[in-house]
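For reference, the structure is listed below as structure tokens.
The values are calculated or read from the model by the stated rules, or taken from the named source; none is laboratory data. This one's a predicted model, so the numbers in the text were calculated from it and none came from an experiment. Cβ sites come from the backbone with ideal geometry, for glycine too, and all protein chains shown count toward neighbours. Only protein heavy atoms, including side chains, enter the accessible area calculation; ligands, DNA and RNA are left aside. Shrake-Rupley method; radii C 1.70, N 1.55, O 1.52, S 1.80 Å.
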Amino acid sequence: YYNTSHYHYLYVSADEAGNRVLSIISCDRFRTSEPMENPVILPPTGPVFLKVTFHRSVIRFFYAIEPDHWHLVGPALDGSILSDDYVRDDIHRYRPAFTGSFVGICCQDLSGQRGPADFDWFEYRETEGEVG
């Protein structure tokens, strides 16, 4: 996440049939897209593990139903859109920026029914040549 017009968002939601699904929303200069042709259908209950890797300008999302059994989700995404150098206005001056890109977890209850989301943990780890 860089700002409201530059982000990649891996999320768990429900489809029209009530299935729990995993998908991605990306936003580049206020243009949103869903880079996955079809969402991943998840088991109806139980934990879901989510992971992101960021290597140079390539972002990849992963999920697991069992710890350490990772599956790639969607295509490789352009991480360069999450940088100060990318975020410029139409006359090539910098837009006001904050401290750079972020990674984190969040919850939005779009139903208005105060549905909970439980997060057991969050870990950030920088590794040689890769962040994620």
Out of (1) modelled with pLDDT of 90 or more; (2) more than 16 Å from the chain's Cα centre (by Cα), the one Arg114 does not meet is (1)
Answer yes or no: is there a residue in segment 27-50 that is closer than 26 Å to Pro116 by Cβ, of a type in the set (S, T, N, Q) and crowded, with 17+ Cβ neighbours inside 10 Å. no
Looking only at segment 102-111, decide whether some residue is more than 15 Å from Val12 (Cβ to Cβ), modelled with pLDDT under 90 and surrounded by 12 or more Cβ atoms within 10 Å (Cβ to Cβ). yes
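Go through segment 54-65 residue by residue and tally those that are surrounded by 12 or more Cβ atoms within 10 Å (Cβ to Cβ) and not in a strand (DSSP E or B). Explain how you work it out, then say what you get.
Within segment 54-65, the first condition is being surrounded by 12 or more Cβ atoms within 10 Å (Cβ to Cβ), and the residues that meet it are 54-55, 57-65.
Next, from what is left, pick out any that are not in a strand (DSSP E or B): 57, 65.
Residues meeting the conditions: 2.
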Scanning segment 1-47 for residues that are charged (D, E, K, R), over 14 Å from the mean Cα position of the chain (by Cα) and under 21 Å from Tyr86 (Cβ atoms) gives Arg29, Arg31
Matching residues in segment 15-52 - criterion: being in a strand (DSSP E or B) and either among the basic types (Lys, Arg) or touching a Phe, Trp or Tyr at 6+ places or on another chain (Cβ under 6 Å) (or both): Arg20, Leu22, Ile25, Cys27, Arg31, Leu50, Lys51, Val52
Restricting attention to segment 112-121, the residues that are open to solvent by 100 Å² or more (accessible area, probe 1.4 Å) and of a type in the set (Gly, Ala, Ser) number exactly 0
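Could you tell me how many of the residues in segment 1-14 are in a strand (DSSP E or B) and over 14 Å from Val48 (Cβ atoms)? Reasoning before the result, please.
Initial filter on segment 1-14 (in a strand (DSSP E or B)): 3, 6-14.
Subset that is over 14 Å from Val48 (Cβ atoms): 3, 6-9.
Total meeting the criteria: 5.
To keep it simple, each residue is scored yes or no on (1) closer than 19 Å to Phe122 by Cβ; (2) modelled with pLDDT of 95 or more; (3) among the β-branched types (Val, Ile, Thr).
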residue: Val21; (1), (2), (3): no, yes, yes
residue: Arg29; (1), (2), (3): no, no, no
residue: Glu34; (1), (2), (3): no, yes, no
residue: Glu37; (1), (2), (3): no, no, no
residue: Val40; (1), (2), (3): no, yes, yes
residue: Gly46; (1), (2), (3): yes, no, no
residue: Arg56; (1), (2), (3): no, no, no
residue: Arg60; (1), (2), (3): yes, yes, no
residue: Ile65; (1), (2), (3): yes, yes, yes
For Asp68, work out the one condition from (1) in a loop (DSSP other than H, G, I, E, B); (2) in contact with a Phe, Trp or Tyr (Cβ under 9 Å, 6 or more places away or on another chain); (3) on the phi < 0 side of the Ramachandran plot it doesn't fulfil. (3)
